[in-house]
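The values are calculated or read from the model by the stated rules, or taken from the named source; none is laboratory data. The shown structure was predicted, so the numbers you read here are calculated from the model rather than taken from an experiment. Here the Cβ positions follow ideal geometry from the backbone for every residue, glycine too, while neighbour counts run over all protein chains shown.
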Amino acid sequence: MAPIAKEKQRSLIDRLVAVSGGSYSPEERRKYYISGPQWAGAYEGQALFHAPTREPVGFEEVIRNLGELGVSCWATHDSDVIGADDLLTDRQWAIVARIDKALDDNGVRCSMVTCETFFHPVFAASAAAEAPEIRRYGVRRLQNTVDIGHALGAHYAVYWPGTLGYMVQGAVEETQMLRWFADGLNAACKRDIEVAREKGRPTLKHCLEAKPFEPQAQIILPSSDAMLAFISSGLLDHPEMVGLNPEYLHELMWGGAARAVLARALLCKKLFHFDINDGYPLKHDVDLGVGIVNPLDWLNVLVLLRSHGYEGPFNLDFKPPRTTSNYGVWKVSFPSAVDRFITLWNIAGEVMEDPVMQEAAAALKAGGGGAEDVDDIVAANKELLTLHELMGHRMFQLLIGQHRGRAFG
């Protein structure tokens with residue numbers, strides 16, 4: 001093949017996207033509670049060992065593209081859209097007004113805000129550091145984010161305490177750090193109650209997001225289960241306002257199963273929000289688009305969530321690869337991630353209604369009718385237990401369409 005001239009490359013992408021097919025219309029995409037975060041759309045490809053590969057993008061462009069694609073909601077960190085020097089000043093409200101106008105102009109809602117307490121050097125030792133002035137600043141930022149959330153009509157606030165931990169053993173007293181972290185959340189919830197009452201709005205759902213490692217060497221709340229224990233520890237003034245925002249890949253990073261974590265959160269009635277992406281177990285946080293690595297595992301996750309009537313947001317917390325251009329972010333990365341999610345969601349519905357899956361599950365629950373003798377119980381159920389593997393294979397068939405007659409040969 002001859003080299004592809006620069007001026008012909010976008011048309012090549014457009015043609016291959018069209019040939020690939022499988023896209024949903026913006027109207028169909030708007031039926032799902034999917035949010036596109038500012039940090040995903042504006043990600044320039046930078047990281048610890050990575051220089052940027054894309055040009056900067058502002059919130060107006062991100063919101064406009066989300067509206068055109070049919071992604072109904074937008075989410076942001078406070079510092080994604082408001083500089084540190086403007087936060088906590090009157091200047092921030094002029095920016096908030098611009099954001100509100102961009103949302104309104106493009107038919108997009110703000111679903112979630114999150115307070116950045118990990119990037120700025122003031123948070124080097126976390127927002128729950130020893131110095132009281134750092135903690136006071138952290139509280140002001142948390143309360144300010146609540147104000148911004150209500151101003152933009154958000155319903156969720158998410159917190160990733162990425163720097164809540166330490167690099168060197170003995171440098172912090174963990175129980176005290178957890179108490180200080182609780183103080184910050186308590187201040188945010190208190191402010192939330194006040195603002196919600198003033199504005200006649202419901203309070204926000206405050207969601208904790210766990211990550212097993214990075215940026216600190218040791219994270220004090222590294223898993224969703226640790227977060228659940230913290231919520232029920234008695235340190236929070238309003239534990240009913242605080243729940244979880246699990247991230248799919250964060251669970252894989254430590255070798256956990258996202259579905260099992262979600263099940264535990266569902267049982268505790270603490271699954272408020274869900275960050276969706278993909279990646280590899282026991283690896284770093286590559287944040288790929290949903291379903292691109294583990295489609296069968298994702299199908300299992302969505303069967304669980306559909307079975308339990310989950311109605312919260314699905315937040316596209318992913319990073320378009322560094323090899324993707326600014327044009328490709330909106331032509332390929334975002335629409336393909338959304339469309340894979342919708343496809344897997346629909347297949348999950350087929351799994352729930354599939355007669356093979358239903359009969360196998362019912363048979364396993366009925367059991368073999370063995371007597372009380374342990375050997376009789378084993379004999380009565382020995383063949384039935386083979387259905388576990390059959391159900392796994394059936395889900396694969398449903399995933400690739402073999403149940404509809406698809407054949408390979």
Answer with yes or no whether D78 is touching a helix residue (DSSP H, G or I) at 6+ places or on another chain (Cβ under 6 Å) and among the acidic types (D, E). yes
Assuming L267 fulfils every condition listed in (1) crowded, with 22+ Cβ neighbours inside 10 Å; (2) more than 30 Å from Q46 (Cβ to Cβ); (3) aliphatic (A, V, I, L, M) apart from one, which condition is it? (1)
Could you check E133 against (1) within 30 Å of E174 (Cα to Cα); (2) surrounded by 14 or more Cβ atoms within 10 Å (Cβ to Cβ) and say which number it fails? (2)
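Every residue, every condition in (1) touching a Cys at 6+ places or on another chain (Cβ under 9 Å); (2) surrounded by fewer than 13 Cβ atoms within 10 Å (Cβ to Cβ), yes or no:
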{"position": "I13", "(1), (2)": "no, no"}
{"position": "G21", "(1), (2)": "no, yes"}
{"position": "E28", "(1), (2)": "no, no"}
{"position": "S35", "(1), (2)": "yes, no"}
{"position": "A40", "(1), (2)": "no, no"}
Across region 186-205, which residue is nearest to L235 (Cα to Cα) among those that are among the hydrophobic types (A, V, I, L, M, F, W, C) and in contact with a Leu (Cβ under 7 Å, 6 or more places away or on another chain)? A187
Please count how many residues of region 370-389 are touching a helix residue (DSSP H, G or I) at 6+ places or on another chain (Cβ under 6 Å) and exposed (fewer than 14 other Cβ atoms within 10 Å of the Cβ). 0
Within region 1-119, helices (runs of 4 or more DSSP H) holding 1 or more residues that are closer than 20 Å to P335 by Cβ and touching a residue at least 12 places away in the same chain (Cβ under 8 Å): 6-20, 26-29, 38-41, 59-69, 91-106
Taking the criterion of being crowded, with 22+ Cβ neighbours inside 10 Å, in a helix (DSSP H, G or I), in the same structural domain as A157 (by TED's automatic domain parsing) and in contact with a Pro (Cβ under 7 Å, 6 or more places away or on another chain), would at least one residue in region 237-248 satisfy it? no
Filter region 202-231 for residues that are in a loop (DSSP other than H, G, I, E, B) and of a type in the set (G, A, S); the one that is nearest to V146 (Cα to Cα) is A210
Return yes when L87 is modelled with pLDDT of 95 or more, over 18 Å from the mean Cα position of the chain (by Cα), surrounded by 19 or more Cβ atoms within 10 Å (Cβ to Cβ) and under 28 Å from R136 (Cα atoms) and no when it is not. yes
Kindly state which helices (runs of 4 or more DSSP H) lie completely within region 306-397 and contain at least 1 residues that are farther than 30 Å from P56 by Cβ and at pLDDT below 95. 374-381
